[in-house]
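One structure below.
Just so it is clear, none of the values below were taken in a lab; they were calculated from the coordinates. Predicted model, so just to flag it, every value in this text is computed and none were measured. Every residue, glycine as well, gets a Cβ built from its backbone with ideal geometry; the counts of neighbours run over all protein chains shown.
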Amino acid sequence: MEGLRITALLTENQTVAEVASRYGVHRSWVYRLKARYEEVGEAAFEPISRRPNNSPNATPPATI
């Protein structure tokens, strides 16, 4: 669905407000998706992991 939003914004020359209204999302989400698309291209449509890169409270491997 994100791809459809970007397509509507970039190729159909719709405004961010029109795209947000059409798909029932907030304008800020459309702006974030557009920025991500401009940064990484088609990879912007893949889900982004929200998992942290490290766990400061984890038991060190040497202890295990």
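Scan segment 23-64 for residues that are over 18 Å from the mean Cα position of the chain (by Cα) and either of a type in the set (Val, Ile, Thr) or part of a helix (DSSP H, G or I) (or both) and report the count. Break it down into steps so the answer makes sense when it comes.
Keep residues of segment 23-64 that are over 18 Å from the mean Cα position of the chain (by Cα), which gives 53-64.
Subsequent filtering for residues that are either of a type in the set (Val, Ile, Thr) or part of a helix (DSSP H, G or I) (or both) retains 59, 63-64.
Selection size over segment 23-64: 3.
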Do we have any residue at all in segment 23-33 that's surrounded by 10 or more Cβ atoms within 10 Å (Cβ to Cβ) and in contact (Cβ under 8 Å) with a residue 24 or more places away in the chain? yes
Quick check: is even one residue across segment 38-47 among the charged types (D, E, K, R) and touching a residue at least 40 places away in the same chain (Cβ under 8 Å)? no
